[in-house]
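Presented below is the structure to which this report refers.
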């Protein structure tokens, strides 16, 4: 019988694209840093404070895999996970553009598909969860806009209004006039904003709100995993400074409850960007408040001193190869018996990148499964074809394996 779960693992390894499933299945390597991150997440659930960390590593050496492994650890601790790959459409320099991407990449523990919209169906107006969230939105944020949006959402029976209000809480921000109009129609009262809401300025209210929502519904915290963070280096000078400041908000913000942000950088970011583009000098010249400069300086220092992923030891690599062999056998219903030391020697000839070596081993297993041998390795001798006159010209071939 085909093991489709194992086949998905093998297909992901063959493509060289990491996944949450692969991260959960190959979580024994880099035990020290995973233990440290696991301790940080357990502390997150116990002390209810926010924090974060930056890691770095060479291309193809397992940064994304590590993030996916952390995702599995968080899920096992009943922590919500948001997985975000930074890009031109998902810029860290603009939090109001980043926020909807964060929501779209949010996975609840035990859920395969991302999304948070169904969370709002778990409570109703007048209940303890709604009351706690409304109180927080009224007194715990820079603006009280989310108070009126959440209260209107809980009070309306109009599907179009409900959809628009839910969309706002997920990052599709409504115009203030539309919020006032809906609220007045439902409650017969005017929505009085204590400040003019500007999405580029007040979007951290939404991050704070979402973290409180998770806590109110019984989750133990929220982990935000940022991959491809080195793409900050492609932004303009002012945008890069904005991105560093936003990183500081996510790494050290006291406004988010039980939230932990983990950023993965390429190991060359320091010399290629911070030094080559003179980021410290750019910061000195920028017309920014002293406290903002201090936050950015702290972030630059954190990037420079980030934990760098060391190459896997031979023992760790062999353990991964053993796991690949096991899943390949389960996926295709056979029993490969590779000499792992020989397989590692073959893989090492394909380059230094861990991703490339893994794909080389999967390719070797594919060839052994199909043909019984490769140009470097052999399971056993191929059988010899036989032909006897009178047996309908059928040639028989001994099984490969």
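So here's what we get for this one:
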item: Residue match in region 84-98 (condition: in contact with a helix residue (DSSP H, G or I) (Cβ under 7 Å, 6 or more places away or on another chain), surrounded by fewer than 19 Cβ atoms within 10 Å (Cβ to Cβ) and closer than 20 Å to residue 219 by Cα); result: no
item: Residue in region 64-82 that is nearest to residue 34 (Cα to Cα), counting only those that are out of contact with any helix residue (DSSP H, G or I) (no Cβ under 7 Å at 6 or more places or on another chain) and assigned to a helix (DSSP H, G or I); result: 66
item: Test for residue 356: is it touching a residue at least 60 places away in the same chain (Cβ under 8 Å) and either in contact with a strand residue (DSSP E or B) (Cβ under 7 Å, 6 or more places away or on another chain) or part of a helix (DSSP H, G or I) (or both); result: yes
item: Flag if residue 112 is modelled with pLDDT under 90, over 27 Å from residue 317 (Cβ atoms) and within 14 Å of the chain's Cα centre (by Cα); result: yes
item: Residue check, residue 234 under 18 Å from residue 37 (Cβ atoms) and surrounded by fewer than 19 Cβ atoms within 10 Å (Cβ to Cβ); result: no
item: Enumerated helices (runs of 4 or more DSSP H) restricted to region 170-237, each holding at least 1 residues that are within 19 Å of residue 154 (Cα to Cα) and modelled with pLDDT of 95 or more; result: 176-187, 204-216
item: Flag for residue 193 being assigned by TED's automatic domain parsing to the domain that holds residue 138 and in contact with a helix residue (DSSP H, G or I) (Cβ under 8 Å, 6 or more places away or on another chain); result: yes
item: Failed item, numbered, when residue 210 is tested on (1) buried (at least 19 other Cβ atoms within 10 Å of the Cβ); (2) out of contact with any strand residue (DSSP E or B) (no Cβ under 9 Å at 6 or more places or on another chain); result: (2)
item: Selected residue (criterion: nearest to residue 136 (Cα to Cα)) from residues of region 241-283 that are in a helix (DSSP H, G or I) and under 17 Å from the mean Cα position of the chain (by Cα); result: 250
item: Those residues of region 105-134 which are surrounded by 14 or more Cβ atoms within 10 Å (Cβ to Cβ), in contact (Cβ under 8 Å) with a residue 24 or more places away in the chain and not in a loop (DSSP other than H, G, I, E, B), in sequence order; result: 106, 107, 119, 120, 129, 130, 132, 133
item: Per-region count, region 266-300, residues within 30 Å of residue 220 (Cβ to Cβ) and exposed (fewer than 12 other Cβ atoms within 10 Å of the Cβ); result: 0
item: Search result, residues across region 214-228 that are over 14 Å from residue 101 (Cα atoms) and touching a helix residue (DSSP H, G or I) at 6+ places or on another chain (Cβ under 7 Å); result: 216, 217, 220, 221, 222, 223
item: Qualifying residue in region 37-53 (condition: modelled with pLDDT under 80, surrounded by fewer than 18 Cβ atoms within 10 Å (Cβ to Cβ) and outside any helix (DSSP H, G or I)); result: yes
item: Residue in region 258-265 that is touching a residue at least 12 places away in the same chain (Cβ under 8 Å), over 22 Å from residue 42 (Cα atoms) and either surrounded by fewer than 16 Cβ atoms within 10 Å (Cβ to Cβ) or assigned by TED's automatic domain parsing to the domain that holds residue 97 (or both) present; result: yes
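The values are calculated or read from the model by the stated rules, or taken from the named source; none is laboratory data. This is a predicted model, so every value here is computed, not measured. Here Cβ is always computed from backbone atoms with ideal geometry, including for glycine, and neighbour counts include all displayed protein chains.
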